[in-house]
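Since the structure comes first, as structure tokens, the remarks are kept for the end.
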Amino acid sequence: MIEKMEFKSDFDSAKWYNKRFSEFGAFETSEKYNLLMLEWLGIKEKTDKKLLDVGCGGGFFLKQAEKFLNCTGIDFSKEALLQAKKNCNSKLVLGSASNLPFKNNSFDFVVCLGSLEHFIEIEKSLKEMNRVLKKNGKINLFVPNSEFILFKLNPVTAHQPNERFASLKEWEKLIGKYLEIESVHKFTHNPIGKLIPKNFTYSFSFICRGCVRSELLL
Ligand SMILES: C[S@@+](CC[C@H](N)C(=O)[O-])C[C@H]1O[C@@H](n2cnc3c(N)ncnc32)[C@H](O)[C@@H]1O
């Protein structure tokens with residue numbers, strides 16, 4: 001795992017994101033990408049099921065997801081949430097991924113898209129996502145691959161102060177400690193990416209079920 005952890009506290013990290021969001025705006029994800037994230041969770045039609053987006057940023061995923069589901073976004077950056085408020089109608093909560101302010105078994109779906117790799121307490125956050133997920137719920141974790149084929153030509157570089165890149169095996173080992181991995185999808189922005197073997201793709205989407213091991217439910 002390639003790990004750069006410049007900030008040691010959520011307070012300092014959130015301060016950086018506040019500045020980033022107010023100076024440059026939100027990281028915008030495309031409609032195609034957002035729909036793919038929903039499709040991989042098996043969401044194709046409108047229901048009254050509940051979804052939580054952890055590290056929701058500017059709310060672009062929520063804007064799509066709320067057409068199908070009853071959505072909540074959480075982010076520790078106040079500036080991110082101010083922007084999300086303009087982009088979507090979902091419920092928005094200020095708080096940290098490592099201490100989710102929700103009861104056990106609250107959500108049918110949890111997503112964490114391009115955010116998990118930035119969390120200081122990554123393992124505690126995975127445990128928290130498992131805790132708030134309903135028993136038959138599903139999670140989509142979108143994370144970057146340290147073995148991405150183009151990183152072989154240009155070494156991997158972190159763009160945010162706290163960032164991790166890991167291989168398929170390393171992510172499997174970490175995520176598998178807290179969740180039951182059901183499937184792993186490969187993702188690249190480029191259509192040619194379909195030809196790239198999974199190990200060398202740009203990012204992975206881990207579709208997981210909650211883990212019922214008793215020590216994780218405490
Ligand atoms: C790269 S952005 C991704 C945003 C969004 N998911 C997307 O796909 O556009 C990472 C987000 O995670 C948030 N974040 C980082 N650490 C966090 C934490 N511990 N708790 C909650 N949000 C956090 C940041 O404020 C930022 O909005």
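A few notes on this one:
- Computed over the chain: relative contact order in percent, which uses C-alpha pairs under 8 Å that are six or more apart: 21
- By the beta-carbon count within 10 Å of each Cβ, the least crowded to most crowded order of S125, S22, fewest first, is S22, S125.
- For the range 1-47, the share of alpha carbon pairs falling in successive 5 Å distance bins from zero is 5, 15, 14, 12, 15, 18, 15, 7, 1 percent.
- Evaluated at q = 0.11, 0.22, 0.28 Å⁻¹, the base-10 log of the normalised Debye intensity for the range 151-218, with identical point scatterers placed on the Cα atoms, takes the values -0.36, -1.05, -1.28.
- Among F61, F109, the order by Cβ neighbours within 10 angstrom, fewest to most, reads F109, F61.
- For the range 28-84, the ratio of Cα radius of gyration to the globular rule of thumb 2.2 N^0.38 Å stands at 1.08.
- Value at 222 nm in deg cm²/dmol, rounded to 500, when DSSP H runs of n ≥ 4 in the chain each add -39,500 (n - 2.57): -8000 deg cm²/dmol
- Residue with peak Gaussian network fluctuation, the chain [Cα springs, cutoff 10 Å], from L133, L82, L116: L82
- Over the range 2-216 - Rg/Rh using Cα atoms and the Kirkwood inverse-distance radius: 0.93
- Dipole of the chain, positive end: most advanced residue of F7, C208, P161 [Cβ charges, Cα centre]: C208
- Working value for the range 87-146: equivalent-ellipsoid semi-axes of 18, 15, 13 Å, each the square root of 5 times a Cα gyration tensor eigenvalue, largest first.
- Convex hull projection area averaged over all views, the range 97-218, Cα basis, nm²: 7.7
- By the count of other C-beta atoms within 10 Å, a proxy for reagent exposure, M129, M37 are ordered fewest to most as M37, M129.
Just so you know, all these numbers are worked out from the coordinates, no wet-lab data involved. Note that the structure is predicted; figures quoted are calculated from it, not measured. We place every Cβ from the backbone using ideal geometry, glycine too, and count neighbours over all the protein chains shown.
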